[in-house]
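These notes concern the structure reproduced below.
The values are calculated or read from the model by the stated rules, or taken from the named source; none is laboratory data. Computed from a prediction, not measured in an experiment: that's the story for all the values here. Glycine also receives a Cβ, built like all others from the backbone with ideal geometry; neighbour counts cover every protein chain displayed.
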4 protein chains.
Amino acid sequence: MQIGLVGLGKMGFNLALNLHRNGFEVIANDVNPDFVTQIAQQGISTASSLGDLTTQLTGRRVIWLMVPAGEIVDDVIEQLIPLLNPSDIIIDGGNSFYKDSLRRYAHLKDKGIDFLDCGTSGGTSGALQGACTMIGGDTDVFKYVEEVFQKISIQNGYLHTGRAGSGHFTKMVHNGIEYGMMQAIAEGFEVFERSQFDIDFQKTAELFNHGSVVRGWLMELTANAFAKDPQLDAIKGVMHSSGEGKWTLETALDMGVPTPVIALSVMMRYRSQMEDTFSGKVVAALRNEFGGHAVEKK
Amino acid sequence: MQIGLVGLGKMGFNLALNLHRNGFEVIANDVNPDFVTQIAQQGISTASSLGDLTTQLTGRRVIWLMVPAGEIVDDVIEQLIPLLNPSDIIIDGGNSFYKDSLRRYAHLKDKGIDFLDCGTSGGTSGALQGACTMIGGDTDVFKYVEEVFQKISIQNGYLHTGRAGSGHFTKMVHNGIEYGMMQAIAEGFEVFERSQFDIDFQKTAELFNHGSVVRGWLMELTANAFAKDPQLDAIKGVMHSSGEGKWTLETALDMGVPTPVIALSVMMRYRSQMEDTFSGKVVAALRNEFGGHAVEKK
Amino acid sequence: MQIGLVGLGKMGFNLALNLHRNGFEVIANDVNPDFVTQIAQQGISTASSLGDLTTQLTGRRVIWLMVPAGEIVDDVIEQLIPLLNPSDIIIDGGNSFYKDSLRRYAHLKDKGIDFLDCGTSGGTSGALQGACTMIGGDTDVFKYVEEVFQKISIQNGYLHTGRAGSGHFTKMVHNGIEYGMMQAIAEGFEVFERSQFDIDFQKTAELFNHGSVVRGWLMELTANAFAKDPQLDAIKGVMHSSGEGKWTLETALDMGVPTPVIALSVMMRYRSQMEDTFSGKVVAALRNEFGGHAVEKK
Amino acid sequence: MQIGLVGLGKMGFNLALNLHRNGFEVIANDVNPDFVTQIAQQGISTASSLGDLTTQLTGRRVIWLMVPAGEIVDDVIEQLIPLLNPSDIIIDGGNSFYKDSLRRYAHLKDKGIDFLDCGTSGGTSGALQGACTMIGGDTDVFKYVEEVFQKISIQNGYLHTGRAGSGHFTKMVHNGIEYGMMQAIAEGFEVFERSQFDIDFQKTAELFNHGSVVRGWLMELTANAFAKDPQLDAIKGVMHSSGEGKWTLETALDMGVPTPVIALSVMMRYRSQMEDTFSGKVVAALRNEFGGHAVEKK
């Protein structure tokens, strides 16, 4: 089967190799010509433009988007629409917000074009060696390309989660859980770090991966990180985020579901990006006002 | 009535003036002779030592402690015990932990000495002009010195809260509420500060004090703080704490009561005292491990 | 000055009386004819429809909307547009989301109609006796009706907060602060309620209003509530909400500002509306899986 | 090597089988004679009392305690002291608070008796088939019994974490992390459950275990739980706890470390045990006071 792949970033590049290794005929494209050159060096066919890409694909075309979530997805889709035929299939494999996927599904349906939203987990190594994919969309469309998901995922690592939107919804919640788990691990190791004991972080993370309740891939990565930098001395504790945690929280708010752990995981990331806080100034000023407690001057 | 006052810090000094203005015969002492000199300049009698203090008091002695919470209270009490007679009264007006007050009450009871635990709110201005006092201890002892609490407090500003310990317990919870209220105000003004609008913080805080639901003394102090420094440019957002918020939280945990707002108020204070966090390093490292997301280097 | 008032609910009815008492000529309307009859009995002119309302107003018309936030505001505005002349003024005095106000301002500007967004605080008693109002919109429009805000508000209780949207934005944040303050008070009293001491809730709340740091209107209302029902035995702890807390939180998330106290205040409200939680079932099931801990059966 | 095992509950019983399978000569005891009978039926030697137990052990005795944390541990230790010789070894394999372990270590040191604190993770299945053990105490004592830890743990599943107390400290923090992870998973599935999509919980949890970032033992147990009861219809969402989460939080507070995720995980457990809350009543009453919002009557 031919697969048109748009987007050759960290995830897309590895996915191209994964598809190729699994016998799919990949035609890859990216706005950055360097990435196109690099993937060509891996023996993968390339396209110089979306027009070129769609021309090289025959029959019912399958185009996998692996571009940054947001307007870029819409831009690519708008460029593709005039180039596609009815029943051609666009798969959005990025971290799109599920409400955008619902909108895109309906928009493409109007044009007769099929759409699947595919959440892809497992990080860059998963994209290369075997991902975990969760796919939303019409059953018949899913069935048509099921082989793709089956091959690029690890064994039992793909699922048709339901109707359109459910793939990215499932991935969003997955990431919300991930935020909470990461913050839980991080808090635990901060308690270790501040403790009166001389805890060996790497050995402890390793231990936790052998028979403990908290064993899992995140704890393995924790052990790996400490193996490289035992005290994490080289890095700053600034935690960025790409949106899914916030979306999970917003979705929960819309449903009236309390998700305190996911909320605080997101907020501690925001806090880590601030050198100082206005809220802190207000509290410090108030303590000075009523109690004469000294404030720290800048 | 004579009152022996031990401790002439910000609160004690003002309380001495308050007692004196209200017609009590104050004999004041502090380990710092400068403070003793300063209060003497205000026309208040002083004692050079606890022995001197107890000698100057006649009849059933009333000694008000206004010293930092913790071991110092125990030290002063141990020094006072051999100097006192049965039914003499020690009032601890500081921010002692209520479990310490329960212990001290029992310990002094064994010696025949009476003890009242008095939570004092209203800040330094309240200590001077009229405080809010919450008193725990035996009813007959409270009655004996009720006039003191009545005079130094603003109208309707004192309460016998119940048996020993309840005064400091009530003050502890008061401060827990205060932590939450302050953090709520602070978060609101941080949202103002980050907003697309050009909110005048001082005018808004002033407005909130005229008819709004959130009007109150803390909002008045907020307006005062902004009147002095409209953007709080001069100060750092480092929030210190003196223990009552943490104690409220620990007490709630022991009771199995969820107090998320008080908990987070305490924790955001701790966070503000940290330049960087180990937890942030762990999360940043994990994001790098699974997704190749760049970490910020030191 | 004439004021057309649309909406005679708890807030609107009281505002009509307030405007009337302050010498404005009110022409009142509501979709519910009973409310119209009731306000007529208070000596206030009424209109049977929006058409009737606009007909009765002369010169540059001023129409105050006091209807539930959301689609109803848009519906009323759409009905009013064909009935109004350029430079007529619509004031939205309800709890609208500020982004809706920004949109409505622009939409009405296109039609030549002026718009002010007015956050109104102080509850129903404030609406009657003197509110706290925060007004966003063009300065010249504000000036034209400033007398209205000045008269219906308590002294110093109104503020032109800035450009369109800022009035409702300020009110939204005000309510976010209010959520946090209320939850802080509530947590404190739950600690009192569970404690080993026999705290008199009403006396304690009263005390806190006399000289303490946490004194303010919310604590006065707390004392009032306990005066009516000393243990709050008659009511259930179900906390509803009308949106502003959630909006404040969502706005903070969009800005990347951590607001843990406001977040948890909102979430504990949601939690209170749930009899049981699916999250609780999941944790209980997990504890059973790994540790054999008994689950509670339904 | 002989091992005296005191405590034959869920964990202790399985540990006895594990030790026996691995070639240790177990002499088992429990205050409940039924448990003693049951373990005897498994071919394991038993003791009718602690005196009988110590008599049956020869040479440098090794006694493993697997009894509930708290006073029972102290009681057993006090009973054992007169029965033991210098350099005999007590291992506390339960979930004791690390400060208690520090105290017990010092107390036993005074008597010449050696003590190891051993955190045991992996649940009841781990206790049977291969646990994860984290051991604090003197290095030479650890070395003497290292073979025991090595044999009863899965490969690479034991660690000498450092000096006395560090084993239970590590286990405490492990459980704090576990609380946060479980709550994160639970929140995610509550979002699934409330969503507009028809998510298959069991299939989704299964999927998450195949290549996703959140794969791990807790997610496997989640899949198992849904396999048994697809909607968890049979159980109530009441989450009990055995202390380690609370201890982790208290320890973090003492260190001034913010651990919001662990804190909220603990608090949502407490909340789940309450049918109604006093804090909810207070907020509901306040909303009624200022806004006339209806309260729900009991």
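Annotation: of all residues in the stretch D:216-243 being touching a strand residue (DSSP E or B) at 6+ places or on another chain (Cβ under 9 Å), at the interface with another protein chain (Cβ under 7 Å from one of its Cβ atoms) and in a loop (DSSP other than H, G, I, E, B), the one that is surrounded by the fewest Cβ atoms within 10 Å (Cβ to Cβ) is D:A234. Of the numbered criteria (1) farther than 16 Å from C:S272 by Cβ; (2) facing another protein chain (nearest Cβ under 7 Å); (3) modelled with pLDDT of 95 or more, the one D:F290 fails is (3). Here A:A294 fits the description: in a loop (DSSP other than H, G, I, E, B) and either under 30 Å from B:L128 (Cα atoms) or hydrophobic (A, V, I, L, M, F, W, C) (or both).
Selection of the stretch B:33-55 for residues being exposed (fewer than 12 other Cβ atoms within 10 Å of the Cβ) and not hydroxyl-bearing (S, T, Y) yields B:P33, B:D34, B:Q41, B:G43. Within the stretch C:113-131, the set of residues being under 18 Å from the mean Cα position of the chain (by Cα) and in a loop (DSSP other than H, G, I, E, B) comprises C:G122, C:G130. Screening the candidates D:E71, D:E25 for the property of being without any contact (Cβ under 8 Å) to a residue 40 or more places away in the chain and under 26 Å from D:C132 (Cβ atoms) yields one hit, D:E25. Contact annotation: residue pairs with Cβ atoms under 8 Å, 6 or more positions apart or on different chains, pairing a residue in the stretch C:182-194 that is within 7 Å of chain B (Cβ to nearest Cβ) with a partner that is hydrophobic (A, V, I, L, M, F, W, C) and outside any helix (DSSP H, G or I), are C:I185/C:V214; C:E187/B:V257; C:E190/B:V257; C:V191/B:V257; C:F192/C:I199; C:R194/B:V257. Annotation note: of B:K246, B:K203, the sole residue that is part of a helix (DSSP H, G or I) and surrounded by fewer than 24 Cβ atoms within 10 Å (Cβ to Cβ) is B:K203. Being among the hydroxyl-bearing types (S, T, Y) and closer than 22 Å to B:H210 by Cβ is a property that does not hold for C:Y105. Residues in the stretch C:121-131 that are touching a Lys or Arg at 6+ places or on another chain (Cβ under 8 Å) and either surrounded by fewer than 19 Cβ atoms within 10 Å (Cβ to Cβ) or closer than 11 Å to B:H210 by Cβ (or both): C:S121 only.
In this structure, is D:H174 under 30 Å from C:E289 (Cα atoms) and more than 9 Å from chain A (Cβ to nearest Cβ)? Criteria not met by D:H174. Figure legend. Inter-residue proximity from the stretch A:165-180: first residues at positive phi, second residues part of a helix (DSSP H, G or I) and not hydrophobic (A, V, I, L, M, F, W, C), beta-carbon distance below 8 Å, spacing 6+ or different chains. Indicated pairs: A:G165/A:Y98; A:G165/A:K99; A:G165/A:S101; A:G165/A:Y105. Within the stretch B:270-281, restricting attention to residues that are under 22 Å from the mean Cα position of the chain (by Cα) and within 7 Å of chain A (Cβ to nearest Cβ), the residue that is farthest from A:M181 (Cα to Cα) is B:S272.
Residues being farther than 19 Å from D:Y179 by Cβ and either in contact with a Lys or Arg (Cβ under 6 Å, 6 or more places away or on another chain) or not in a loop (DSSP other than H, G, I, E, B) (or both): count how many of those fall in the stretch A:206-215. Summing the residues that are farther than 19 Å from D:Y179 by Cβ and either in contact with a Lys or Arg (Cβ under 6 Å, 6 or more places away or on another chain) or not in a loop (DSSP other than H, G, I, E, B) (or both) in the stretch A:206-215 gives 1. Put simply, of B:S125, B:S96, B:S87 the only residue that is within 14 Å of chain C (Cβ to nearest Cβ) and either at pLDDT 95 or above or within 24 Å of B:N14 (Cβ to Cβ) (or both) is B:S125. What do you reckon, is D:H210 within 7 Å of chain A (Cβ to nearest Cβ) and free of Cβ contacts under 8 Å to residues at least 40 places away in the same chain? So D:H210 passes the test. I'd like to check something: does the stretch C:92-112 contain any residue that is aromatic (F, W, Y), in a loop (DSSP other than H, G, I, E, B) and surrounded by 21 or more Cβ atoms within 10 Å (Cβ to Cβ)? Scanning the stretch C:92-112 turns up at least one residue that is aromatic (F, W, Y), in a loop (DSSP other than H, G, I, E, B) and surrounded by 21 or more Cβ atoms within 10 Å (Cβ to Cβ).
Scanning the stretch A:4-23 for residues that are under 14 Å from A:Q150 (Cα atoms) and either of a type in the set (K, R) or touching a helix residue (DSSP H, G or I) at 6+ places or on another chain (Cβ under 7 Å) (or both) yields A:L15, A:N18, A:L19, A:R21, A:N22.
Taking the stated definitions as given, is D:A263 of a type in the set (G, A, S), at the interface with another protein chain (Cβ under 7 Å from one of its Cβ atoms) and over 30 Å from A:Q196 (Cα atoms)? When the stated conditions are applied, D:A263 does not pass them. Residues of the stretch B:83-98 that are out of contact with any Leu (no Cβ under 6 Å at 6 or more places or on another chain) and over 19 Å from B:G59 (Cβ atoms): B:G93, B:G94, B:N95, B:S96, B:F97, B:Y98. Hey, among the residues in the stretch A:132-158 that are part of a strand (DSSP E or B), of a type outside the set (F, W, Y) and buried (at least 24 other Cβ atoms within 10 Å of the Cβ), which one's farthest from the other protein chains (Cβ to nearest Cβ)? Restricting to residues being part of a strand (DSSP E or B), of a type outside the set (F, W, Y) and buried (at least 24 other Cβ atoms within 10 Å of the Cβ), the top hit is A:I135. Taking residues in the stretch D:51-63 that are touching a residue at least 40 places away in the same chain (Cβ under 8 Å) and farther than 15 Å from D:P86 by Cα, and partners anywhere that are outside any helix (DSSP H, G or I) and aliphatic (A, V, I, L, M), the pairs with Cβ atoms closer than 9 Å and at least 6 places apart or on different chains are D:L53/D:L5; D:L53/D:V6; D:L53/D:I27; D:L53/D:A28; D:L53/D:A47; D:L53/D:I63; D:Q56/D:I27; D:Q56/D:A47. Taken over the stretch B:190-200, the criterion of being among the acidic types (D, E) and surrounded by fewer than 20 Cβ atoms within 10 Å (Cβ to Cβ) is satisfied by B:E193, B:D198, B:D200. Can you work out which of the residues in the stretch A:208-239 that are farther than 29 Å from C:G256 by Cβ and β-branched (V, I, T) is farthest from the chain's Cα centre (by Cα)? That would be A:V213.
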